[in-house]
Amino acid sequence: MKLQIAQTDGQNTFTAYGEGYVSVNAVRYSSNLVALPYSLIPDWTQASFETLSSADFETLALLDAEIIILGTGNRLRFPRPDILRPLIQAQKGLEVMTVQAACRTYNILISEGRKAAAALIFS
């Protein structure tokens, strides 16, 4: 699906998504990715959803973002509460949704000037 985006002044935005991929500024990615308004972290983890660990969330806790949107693939899945401690300690918000919903939500939040990051898991 191709996304229509409001003016974002050179920020990273999701421009499309489909089965097993997303596009950021028209560049296609098919592996785990973190998107922030002015930076990307390709392959932020090698974990699948089932093997996510607190170390993966430690990386996210260090980001300059108020809210982390975790995209969990094509279906909504919630991470185990014990691995979320780094986000709780850093006082970061977490929203969990499908990758497609995470892309749309991230675009809306950054267009509003919010400090958001989208962390996407494809497996």
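The values are calculated or read from the model by the stated rules, or taken from the named source; none is laboratory data. Model, not experiment: these values are computed from the prediction. All Cβ positions, glycine included, derive from the backbone under ideal geometry; neighbour counts span all protein chains shown. Remember, those area values only see protein heavy atoms, side chains included, never the ligands or the DNA or RNA. Shrake-Rupley method; radii C 1.70, N 1.55, O 1.52, S 1.80 Å.
Assorted remarks:
- The listed residues are Thr51, Thr59, Thr72, and the only one of them that is open to solvent by 50 Å² or more (accessible area, probe 1.4 Å), modelled with pLDDT of 95 or more, closer than 26 Å to Ser111 by Cα and among the β-branched types (Val, Ile, Thr) turns out to be Thr59.
- Residue within segment 75-85 that is under 20 Å from Glu50 (Cβ atoms), of a type in the set (Lys, Arg), open to solvent by 90 Å² or more (accessible area, probe 1.4 Å) and touching a Phe, Trp or Tyr at 6+ places or on another chain (Cβ under 8 Å) present: yes
- Taking the conditions (1) open to solvent by 90 Å² or more (accessible area, probe 1.4 Å); (2) at positive phi; (3) not hydrophobic (A, V, I, L, M, F, W, C) in turn, Gly113 satisfies each one other than (1).
- Segment 46-83 - residue that is touching a residue at least 60 places away in the same chain (Cβ under 8 Å) and in contact with a helix residue (DSSP H, G or I) (Cβ under 8 Å, 6 or more places away or on another chain) and, of those, farthest from Val22 (Cα to Cα): Leu52
- Looking at Thr105, Thr98, Thr13, just one residue is in contact (Cβ under 8 Å) with a residue 40 or more places away in the chain and among the polar types (S, T, N, Q), and that residue is Thr13.
- Selection of segment 93-123 for residues being assigned to a helix (DSSP H, G or I) and over 21 Å from Ser48 (Cβ atoms) yields Arg104, Thr105, Tyr106, Asn107, Ile108, Leu109, Ile110, Ser111.
- Residue, nearest to Ser31 (Cα to Cα), within segment 86-95, restricted to residues that are surrounded by fewer than 16 Cβ atoms within 10 Å (Cβ to Cβ) and either touching a residue at least 12 places away in the same chain (Cβ under 8 Å) or under 14 Å from the mean Cα position of the chain (by Cα) (or both): Gly93
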